[in-house]
Amino acid sequence: MADSMVSSFWGPVTSTTELCEENYAHSSYIAEFYNTVSNVPCVFLALVGLVNALRQGFEKRFSVLHISNMILAIGSMIFHATLQHVLQQSDETPMVWEILLYLYVLYSPDWHYRSTMPTFLFLYGAAFAVVHFLVRFQVVFKLHYVGLCLLCIPRMYKYYIQTKDMAAKRLAKLWVLTLSLATLCWLFDRMFCKKLSHWYVNPQGHAWWHILMGFNSYFANTFLMFCRAQQRGWEPKITHLFGFLPYVQIQKPQKRE
Ligand SMILES: [Zn+2]
């Protein structure tokens, strides 16, 4: 029957979260066009960060952090393109893993028992993935995620007040600014969705959340790389790629014979 022609390549929406963007409006292969393509800047920025970390020999944790940002953005693209429940979890579970990774990077320099923290965080992440798959948290997922993010803030603040370098301090301010703007966009999209649907142009608040969070992760990682390089005595300084994108340049001391 002509009526039952599938206009959505991925079939009916099975995800429990539906965003404000109209489904399959631009392509029958992409459920939410803007929410999908808005993850591209995050992948690009994470790639820049990864190349910088590898090229200058930063510790592996930073490569893992950039790769996890990349996986997160790709998972989000796949989820928004398909709106399938199983892929919703491929977006949400890595979000939790990534925050656990940030907790490790932030707290491990002062941790006395070296192997307990990564072991605990690994087990926590694995257990969360299984329980989330079985229980399909919704509100609990969001509250748990916000709780984990809040745990990062006191240590970020400590690093901020310890840093004397103005350019690095600016990175921390940009981190706060992008996080605040992204949260506003996310809330705006969720709270006024019904009204927005009647507007001539949908401002795509969720897509802006993706773009701003891509920059937010990049600023966080760059600031943390600066702080870590300072702890290791690598004389870090902030320079700019293409004249505007900040990154950390280090000078490792020559090893004596
Ligand atoms: Zn999203």
**Study point:** Residue ID - nearest to the ligand (Cβ to nearest atom), chosen from residues in the range 56-91 that are in a loop (DSSP other than H, G, I, E, B) and not small (G, A, S)
**Key:** L83
Check your understanding: Here is a list of conditions, (1) closer than 24 Å to V43 by Cα; (2) away from the ligand (no atom under 16 Å from the Cβ); (3) acidic (D, E), and D165 meets all of them except one; can you say which number that is?
Key -> (1)
Review point. For the range 194-207, which residues satisfy the criterion of being away from the ligand (no atom under 11 Å from the Cβ) and in a helix (DSSP H, G or I)?
Key: K194, K195, L196
Review point. If you check every pair at least six apart or on different chains, which have Cβ atoms under 9 Å apart with a residue in the range 134-155 that is at negative phi first and a residue that is charged (D, E, K, R) and surrounded by 14 or more Cβ atoms within 10 Å (Cβ to Cβ) second?
Key: F137/E92; F141/E92; Y145/E92
Practice item. Taking only the range 92-114 into account, find how many residues are within 16 Å of the ligand (Cβ to nearest atom) and acidic (D, E). Key: 2
Study note, to complete from the structure: Given (1) crowded, with 23+ Cβ neighbours inside 10 Å; (2) under 20 Å from R228 (Cβ atoms), R55 misses just (1)
Check your understanding: Listed residues L148, L212; which is closer than 30 Å to A229 by Cβ, surrounded by 14 or more Cβ atoms within 10 Å (Cβ to Cβ), among the aliphatic types (A, V, I, L, M) and away from the ligand (no atom under 16 Å from the Cβ)?
Key -> L148
**Study point:** Candidates V48, V43 - the one that is assigned to a helix (DSSP H, G or I) and either away from the ligand (no atom under 16 Å from the Cβ) or modelled with pLDDT under 90 (or both)
**Key:** V48
Review point. Do we find a residue being at pLDDT 90 or above, outside any helix (DSSP H, G or I) and either of a type in the set (K, R) or more than 21 Å from I99 (Cβ to Cβ) (or both) anywhere in the range 144-160?
Key: no
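Could you please let me know if R190 is within 16 Å of the ligand (Cβ to nearest atom), surrounded by 14 or more Cβ atoms within 10 Å (Cβ to Cβ), over 18 Å from the mean Cα position of the chain (by Cα) and basic (K, R)?
Yes.
The values are calculated or read from the model by the stated rules, or taken from the named source; none is laboratory data. These figures come from a predicted structure and were not determined experimentally. Virtual Cβ from ideal backbone geometry, glycine too; neighbours counted across all protein chains shown.
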